[in-house]
1. Give me the Å³ per residue figure for the convex hull around the C-alpha atoms of region 1-103.
2. With no solvent and one equal point scatterer placed on each C-alpha of region 112-229, evaluate the Debye formula and give log10 I(q)/I(0) for q = 0.09, 0.12 Å⁻¹, two decimals.
3. List the residues whose amide H sits under 5 Å from the amide H of residue 29, counting only those 5 or more places along or on another chain, with H placed 1.01 Å from N in the peptide plane.
4. Pick from 81, 237, 139: which residue has the top mean-square fluctuation in a GNM of the chain where Cα pairs under 10 Å get a spring?
5. Keeping the other protein chains in place, figure out the carbon and sulfur percent of the accessible area of region 3-107, with a 1.4 Å probe.
6. Which value, in nm² and rounded to one decimal, describes the direction-averaged projected area of the C-alpha convex hull of the chain?
7. In terms of solvent-accessible area of protein heavy atoms at a 1.4 angstrom probe, what is the ranking of 52, 86, highest value first?
8. Within the chain, how many Lys pairs sit with Cα atoms under 16 Å apart, leaving out pairs fewer than 8 places apart on the same chain?
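The values are calculated or read from the model by the stated rules, or taken from the named source; none is laboratory data. Quick caveat, the model's predicted, so the values are computed rather than measured. Please note: Cβ atoms are built from the backbone with ideal geometry, for glycine as well, and neighbour counts cover all protein chains shown. Ligands, DNA and RNA are excluded from the accessible area calculation, which covers all protein heavy atoms including side chains. Shrake-Rupley method; radii C 1.70, N 1.55, O 1.52, S 1.80 Å.
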Amino acid sequence: MKVYFIGAGPGASDLITLRGAAILGRVSMVLYAGSLVPTDMLQHCRPDAELIDTATLDLEQQEACYRRAQEAASDVARLHSGDPAIYGATAEQMRRLDTLGIDYEIVPGVSSFTSAAASIKAELTKPEVSQTVILTRVSGRASAVPELESIARLAEHQATMCIFLSGPHLKKIVADLRLHYPDDTPVALIYRATWPEERSYQGTLGAILKETKKSEWNLTTMLLVGKALGREDQTESSLYSKDFTHIFRVVKKQKSPSTT
């Protein structure tokens with residue numbers, strides 16, 4: 001038997017990968033976090049699959065599900081929101097599966113940070129503006145962020161930042177960002193990107209606290225910040241320039257007219 005850690009994507013049921021949906025359609029047991037994965041995603045499961053909401057289960061109880069499937073020689077799909085590689089709490093599960101001698105595979109998914117960018121029609125990297133994207137969050141009760149990775153420290157780079165689960169900590173996050181980013185830096189809040197209840201705010205770092213209410217942006221909110229979010233004219237990439245040569249497109253140089 002095998003356990004498949006599947007990235008369910010940001011929320012919309014049609015943003016799961018074809019591979020992930022195909023696996024859901026054939027396994028007999030599906031574990032999913034009901035607090036993070038919408039029930040619409042379960043439409044990809046086979047009709048007789050055992051569906052287990054892990055929102056109320058601890059790690060040992062989830063391990064018991066894997067043991068039971070192992071005894072029955074049944075494959076299991078473990079649905080994680082977004083992509084399993086980012087804040088997926090998959091490492092501890094994989095360690096237990098290694099101990100149990102259970103094989104597993106990871107199926108990537110669309111992350112909420114890319115879906116948030118898509119929601120506001122933004123590119124996170126632009127030439128001579130930002131070529132770096134920082135994915136981070138603030139410390140929570142479940143796990144702390146190392147001091148060297150604090151928002152204030154990371155803000156020194158003034159790169160594009162995507163801050164997960166930012167809603168409840170918005171005031172502190174903004175204060176830390178303003179230590180290094182100018183007040184006119186573009187920012188965006190995206191709540192539950194691709195869900196039916198999705199909503200967003202776009203403004204500047206200096207105005208965000210005045211123009212939003214904390215109560216309207218709860219835990220599942222992504223904060224994007226960085227000059228790359230700006231709409232003004234900026235340096236264009238040379239990749240598609242008519243004068244740029246690369247291995248797939250050779251630009252023939254025009255000969256200079258001869259002089260007599």
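1. That works out to 89 Å³ per residue.
2. Result of the Debye calculation: -0.21, -0.37.
3. 50, 77
4. Checking each option, the largest mean-square fluctuation is seen for 237.
5. 49 percent
6. 19.5 nm²
7. 86, 52
8. 10
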